[in-house]
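Below is one structure, written out as structure tokens; the observations come after it.
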Amino acid sequence: MKKHKELGMLERYFLLGGMALIILASATVAFYYYYATVHYSEDMYYEKAKAPATFAADMAGGVHLGQYLNGGEEDKAYMNLLEKLKDICRKADIKYIYYSVPNKEKNTIEQILVASDGVVPKGHHYTVQIDPNDTVSRKNYDAIVRVYDGRSLEERAFISNEAGNVMTAYVAVYQDGRIAAVAGVDISMDTILSSVRDNTIRIAGGIIGFFAVFVVIYLYFIRRVFIKPVHQLSIMMAHFIRREEGNASPDYTPSTIQGVGEINNMVGAFNTMKADIREYTRDLSAITAERERIRTELELAAKIQLSNLPAPLPPTRQIELYTLMKPAREVGGDFYDYFMIDERYMALVMADVAGKGIPAALFMMKTKTLIGDSSTSQRDPSVIMTNANNALSKKNDESIFVTVFLGILDIETGHLVYTNAGHTPPFICDKKGCRVVDQGHDFVLGGMEGMAYQNYSLDLKPGDRLFLYTDGVTESFSRSEELFGEERLSEALEETISLNGEDMLANLYNKICDFSEGVEQSDDITMFVLDYRRNSETVQLELPADISCLNESKSFVEKQLSKTGADEKIKSECELIVEEVFVNICSYAYEDEGKVIIVCGTSADRFSLTFIDSGKSFNPLEQPVSDINVLAEEREIGGLGIFLIRELSDEISYSHENELNRLMIVKRIADIEE
């Protein structure tokens with residue numbers, strides 16, 4: 001029933017369209033006929049009025065019209081002219097013939113010798129006052145004025161109002177070489193316009209009848225060749241949809257659908273589409289099941305990956321470790337590890353498995369286990385890597401391999417022995433900046449059995465930072481498909497060198513995200529920072545470069561000194577140093593606002609104070625020292641504070657790196673509380 005209702009609506013739309021077409025066509029033709037006929041009639045009646053108007057203008061040449069305007073008597077010449085004009089009115093079916101003289105000052109028209117086809121009352125001199133608001137009177141007045149002023153030899157005016165439809169022709173009357181008046185002739189157009197309207201109505205009725213018959217035939221044809229086949233096709237679609245939705249319904253396939261070729265083509269295309277949709281549905285079910293399997297596998301792989309990461313290592317007096325891992329949507333095989341082999345040696349592992357999903361996760365677990373087990377009995381990275389490679393290469397049917405950086409660090413001396421199996425080289429950050437350490441690398445693990453691996457070494461100094469990472473960092477893509485690259489990574493490390501390890505990693509990841517501009521991460525991003533201090537412990541405080549913060553800076557240093565067991569003399573000297581340096585930075589380093597960073601470091605027999613600011617470059621060690629043997633009134637201003645700091649310090653050094661001033665002062669301490 002619903003489809004039959006839609007069928008009726010379709011027919012109704014076609015019917016309404018046909019009716020609109022009939023009305024539009026009829027109105028267009030009728031309007032065009034009426035407009036053209038009226039325009040033609042106006043031209044014809046103007047010519048009809050212009051001839052007697054010209055004749056009347058010529059006849060007035062021998063009559064002194066001016067005297068009648070001034071109240072002169074109507075003489076024989078006047079009466080003869082009037083009779084002739086009246087005779088013309090009767091014979092030519094003219095309504096009025098008259099002479100007009102406009103008075104622009106009074107806004108009036110003087111009309112004389114007014115003749116008509118009827119009886120004219122005695123006295124043929126009229127004064128017509130023009131109403132400015134009467135458009136009809138104004139139109140005639142303007143036409144008369146143009147002819148009287150000589151701007152036009154003749155004028156026409158068509159007036160249609162309650163008095164009727166009149167065409168008027170105006171012609172200039174010349175006497176003694178000048179225009180003395182304007183001859184006007186009015187002819188009624190009521191009869192012709194009435195005929196035009198009647199003919200227009202008859203034509204419109206004929207057009208409506210013609211198009212009505214045409215629309216009936218057209219609708220019958222459309223219903224047969226279009227509406228009915230479309231209705232049958234819609235029933236076929238409805239049956240197909242119900243069947244696909246699970247509502248059992250036999251397919252509806254009429255034996256024949258009689259329509260135009262395009263309709264038959266649509267039926268054939270629909271039948272083909274049905275077969276394609278059913279095949280696509282079967283394929284989609286299989287694909288969905290496969291995607292669900294892969295999703296489940298990736299989730300499990302992610303859990304395996306994260307569960308095998310080591311627990312965070314609390315900061316010690318020798319080292320601080322910070323890590324950051326951001327798995328990709330399709331989990332890769334990045335992993336890292338660190339563990340103490342004994343009380344002195346620590347193993348550092350950074351690796352990247354070439355694969356995805358469960359196989360890569362299992363290969364990662366196997367690699368991690370092999371390296372961990374070998375490290376318990378062996379501190380030689382090359383031997384550990386050789387054993388792990390041989391074990392991984394056996395029965396490696398998936399042809400998976402892994403790049404590994406393995407280092408063993410002596411935390412007492414800072415000596416690091418490492419082997420690089422095809423992994424990205426590490427960075428070392430120190431006072432000179434950040435640089436790549438690429439002494440060489442060997443073949444990946446799991447690629448081929450029997451490969452030999454070589455040891456390399458470097459020495460970490462207190463304050464050095466070791467940075468390890470996977471290629472997901474440097475191979476992050478921007479929208480323009482540009483790689484982040486090693487050069488950008490080096491610049492980013494330089495910019496973040498003053499931050500602690502945790503903040504540094506967060507800052508680096510933000511820079512990678514900004515560079516990627518929302519491009520989906522294609523590989524795991526893993527980063528690892530080791531800050532080496534040997535037996536030195538550092539803490540820092542950042543303050544505004546404002547003298548009002550002086551007491552806070554002194555309290556911070558005093559608190560750190562109290563942990564060392566330093567005597568009161570050392571505490572007092574350090575307080576003087578803090579006051580001199582902090583006040584000088586606040587007073588002279590910045591033209592506007594700025595910050596001061598105070599870093600306190602303790603080791604076995606030393607206490608260090610480092611002042612860092614980003615103000616003007618100023619090396620106090622290059623400044624002249626005040627001569628204390630000279631009387632105060634003779635001594636130059638300045639230099640005494642520098643002298644005091646030098647005298648109170650056991651060691652003092654200055655550097656200007658990365659737009660930062662660093663002044664380091666060291667005090668030796670006899671005993672430190674363990």
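The values are calculated or read from the model by the stated rules, or taken from the named source; none is laboratory data. From a predicted model like this one, the values you see are computed outputs, not experimental measurements. Methodologically, a virtual Cβ is constructed for each residue, glycine included, from the backbone with ideal geometry; neighbour enumeration extends over all protein chains shown. Protein only, heavy atoms only, side chains kept; ligands, DNA and RNA dropped before computing areas. Shrake-Rupley method; radii C 1.70, N 1.55, O 1.52, S 1.80 Å.
Is there a residue being in contact with a Ser or Thr (Cβ under 8 Å, 6 or more places away or on another chain) and either surrounded by 12 or more Cβ atoms within 10 Å (Cβ to Cβ) or closer than 18 Å to A49 by Cβ (or both) anywhere in the stretch 213-227? No, because not a single residue in the stretch 213-227 is in contact with a Ser or Thr (Cβ under 8 Å, 6 or more places away or on another chain) and either surrounded by 12 or more Cβ atoms within 10 Å (Cβ to Cβ) or closer than 18 Å to A49 by Cβ (or both). The residues of the stretch 434-459 that are more than 20 Å from A391 (Cα to Cα), open to solvent by 50 Å² or more (accessible area, probe 1.4 Å) and aliphatic (A, V, I, L, M) amount to a single one, V436. With in contact with a strand residue (DSSP E or B) (Cβ under 7 Å, 6 or more places away or on another chain), open to solvent by 50 Å² or more (accessible area, probe 1.4 Å) and outside any strand (DSSP E or B) as the only criterion, which of R156, R151, R146 stands out? Going through R156, R151, R146 in turn, the sole match is R146. Every condition in (1) open to solvent by 70 Å² or more (accessible area, probe 1.4 Å); (2) over 60 Å from the mean Cα position of the chain (by Cα); (3) not small (G, A, S) holds for L193 except the one numbered (1).
Residue by residue, here is whether (1) closer than 21 Å to M346 by Cβ; (2) open to solvent by less than 40 Å² (accessible area, probe 1.4 Å); (3) in a strand (DSSP E or B); (4) in contact with a helix residue (DSSP H, G or I) (Cβ under 9 Å, 6 or more places away or on another chain) holds:
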residue: S382; (1), (2), (3), (4): yes, yes, no, no
residue: M385; (1), (2), (3), (4): yes, yes, no, yes
residue: A388; (1), (2), (3), (4): yes, yes, no, yes
residue: A391; (1), (2), (3), (4): no, yes, no, yes
residue: D397; (1), (2), (3), (4): no, no, no, no
residue: L409; (1), (2), (3), (4): yes, yes, yes, no
residue: E412; (1), (2), (3), (4): yes, no, no, no
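Return yes or no: is Y78 part of a helix (DSSP H, G or I) and modelled with pLDDT of 85 or more? Here the answer is no, as Y78 does not meet what is asked. If you go through the stretch 537-569 and pick out every residue that is within 52 Å of the chain's Cα centre (by Cα) and not β-branched (V, I, T), you end up with 15. Number of residues in the stretch 414-424 that are open to solvent by 20 Å² or more (accessible area, probe 1.4 Å) and not β-branched (V, I, T): the value is 2. Restricting A30, A25 to residues that are more than 23 Å from R156 (Cα to Cα), in contact with a Ser or Thr (Cβ under 7 Å, 6 or more places away or on another chain) and either at pLDDT below 85 or among the basic types (K, R) (or both) narrows the list to A30. Checked against the criterion of being buried (at least 19 other Cβ atoms within 10 Å of the Cβ) and either at pLDDT below 90 or not hydroxyl-bearing (S, T, Y) (or both), the candidates M364, M340 yield just one match: M364. For the stretch 477-494, filtering for residues that are at pLDDT 90 or above, assigned to a loop (DSSP other than H, G, I, E, B) and open to solvent by less than 50 Å² (accessible area, probe 1.4 Å) leaves 1.
Looking only at residues of the stretch 161-189 that are surrounded by 13 or more Cβ atoms within 10 Å (Cβ to Cβ) and without any contact (Cβ under 8 Å) to a residue 60 or more places away in the chain, we find that the one that is farthest from S26 (Cα to Cα) is I179. Only one entry in L543, L505, L550, L466 is open to solvent by 10 Å² or more (accessible area, probe 1.4 Å) and either out of contact with any Cys (no Cβ under 6 Å at 6 or more places or on another chain) or under 23 Å from T610 (Cβ atoms) (or both), namely L550. The lone criterion from (1) open to solvent by 50 Å² or more (accessible area, probe 1.4 Å); (2) closer than 24 Å to Y345 by Cβ left unmet by C429 is number (1). Given the options D352, D373, name the one that is open to solvent by 30 Å² or more (accessible area, probe 1.4 Å), modelled with pLDDT of 85 or more and either over 25 Å from P425 (Cα atoms) or of a type in the set (D, E) (or both). Result of the check over D352, D373: D373. None of T386, T419, T474, T376 is of a type in the set (S, T, Y) and closer than 21 Å to L309 by Cβ except T376. Candidates are the residues of the stretch 590-629 that are over 16 Å from I652 (Cβ atoms), among the β-branched types (V, I, T) and not in a loop (DSSP other than H, G, I, E, B); the one that is modelled with the lowest pLDDT is T602. Considering every residue within the stretch 400-407, establish whether at least one is surrounded by fewer than 17 Cβ atoms within 10 Å (Cβ to Cβ) and not aromatic (F, W, Y). No, the stretch 400-407 contains no residue that is surrounded by fewer than 17 Cβ atoms within 10 Å (Cβ to Cβ) and not aromatic (F, W, Y).
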